[in-house]
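To start, the structure itself, in structure tokens.
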Amino acid sequence: MVDDSRISGYYKLSREERVKKLKELTGLSEEEIAPLVNPSEMDMDILDHMIENVVGTMTLPLGIATNFQINNKDYLVPMAIEEPSVVAAASNAARIARPHGGFHATDSGPVMIAQVQAVEVPAPFEAKVKILQRKQEIIELANEQDPILVKFGGGARDVRVRVIDSAVGPMLITELIVDTQDAMGANAVNTMAEAIAPKIESISGGRVLLRILSNLADLRLVNARAVFDKELLGGEEVVDGIIAAWAFAEADPYRCATHNKGIMNGIDAVVIATGNDFRAIEAGAHSYASKDGYGSLTKYEKTAEGNLAGSIEIPMAVGLVGGATKVHPVARACVRILGVETSTELGHVIASVGLAQNLAALRALASEGIQKGHMSLHARNVAATAGAKGELIEKVAEQLVREEQIKVERAKEILEDFESSEK
């Protein structure tokens, strides 16, 4: 936990100075921060046991988003992503939300759904009633599989049953509703689904096939909201433009796909940094956005004072217990930087970053255009691709931006000129 996430001129510091400042603010030890700032310090034995056929690592840039205040608490937010402008945009949007209290988030609890599929059921609707009549028996059997989860306040809470039509006939789907506490919960709910499968077969007279969790975690929702100051945004005309840009996404799935991708730029970056499953979060988010026809995960409207009110609602199946979050040293360091204590608090942070990221993208689109800021930052990548190193990266990038010629070929020419003048 940090006292204040506002760090003036953080982006102007050298990488070494940023690391030093981060250590001062978070209290991370040299041992904790070493794998984060120097990938060569990574223990390959740990990675070798995480997946199969390990040969090395793929390193992503990891930046720190500043200015975030969520539920009256300040956060420095680690973000792992290769795309330029994302970290800067999120930080700037968080700054614009601060005068009105930052972000406010709530959640529906850490609840996941396990599905048990039964086919060839002679009388599926009768079987549905029979299963519901034995709900408590099924819940008790499920909870026997994970006494530790139950001890800490979690476990199976409910059973619901649906009969669905399919290309191969009717199916009876029994769904187990499980409170997973601070775990993402995949292993726990899958184990419970396996355990109750024989009982579902016995009750229904059918044959059970799949027994697995659903990544459409619509019982594990996070809602976040913020008011973005109209003057800091650039005036009421910009506010109106942002609302019109959002309305375009609501009305058109071609635009909405890119709109929601922008939200996920921020969300995935934090999910990856904390060692959580970004594929599960992506699947859940886009499935949820499609429940009533594909739509925006965010909403925008103007307040009586002319400021911009934004909100987001999104499934957020993340955890702090188990998996890479506990095993990977960089993920552990990122969780320490955040200072979150529960999976729901982590979900609050991630959803708030998604809202901030979306606001920043819409503001750019509605005012200067997305390319101006994005390409300015991209110029550094182009300069490095052309072979520039050290201070020359910034010098070449600055000239590329001035000339509005952000191309590798031009960067090589500028680099040659700088190198010739220094000889």
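The values are calculated or read from the model by the stated rules, or taken from the named source; none is laboratory data. Only a predicted model underlies this, so the values are computations on that prediction, with no experimental measurement involved. FYI the Cβ positions are ideal-geometry reconstructions off the backbone, even for glycines, and counts take in every protein chain you see.
Assorted remarks:
- Of the residues making up the stretch 241-252, not a single one is modelled with pLDDT of 95 or more and either within 30 Å of ALA183 (Cβ to Cβ) or within 18 Å of the chain's Cα centre (by Cα) (or both).
- All told, PHE68 falls short of being under 23 Å from ASP182 (Cα atoms), surrounded by 17 or more Cβ atoms within 10 Å (Cβ to Cβ) and touching a Lys or Arg at 6+ places or on another chain (Cβ under 8 Å).
- Index of the failed condition, ALA88 passing every other in (1) in contact with a helix residue (DSSP H, G or I) (Cβ under 7 Å, 6 or more places away or on another chain); (2) under 13 Å from GLY310 (Cα atoms): (2)
- The single condition from (1) surrounded by fewer than 23 Cβ atoms within 10 Å (Cβ to Cβ); (2) part of a strand (DSSP E or B) that ALA224 fails is (1).
- Residue in the stretch 227-269 that is surrounded by the fewest Cβ atoms within 10 Å (Cβ to Cβ), counting only those that are of a type in the set (A, V, I, L, M, F, W, C) and free of Cβ contacts under 8 Å to residues at least 12 places away in the same chain: ALA251
- Elements of type helices (runs of 4 or more DSSP H) contained in the stretch 289-401, each with 1 or more residues being closer than 30 Å to HIS100 by Cβ and touching a strand residue (DSSP E or B) at 6+ places or on another chain (Cβ under 9 Å): 329-338, 343-366
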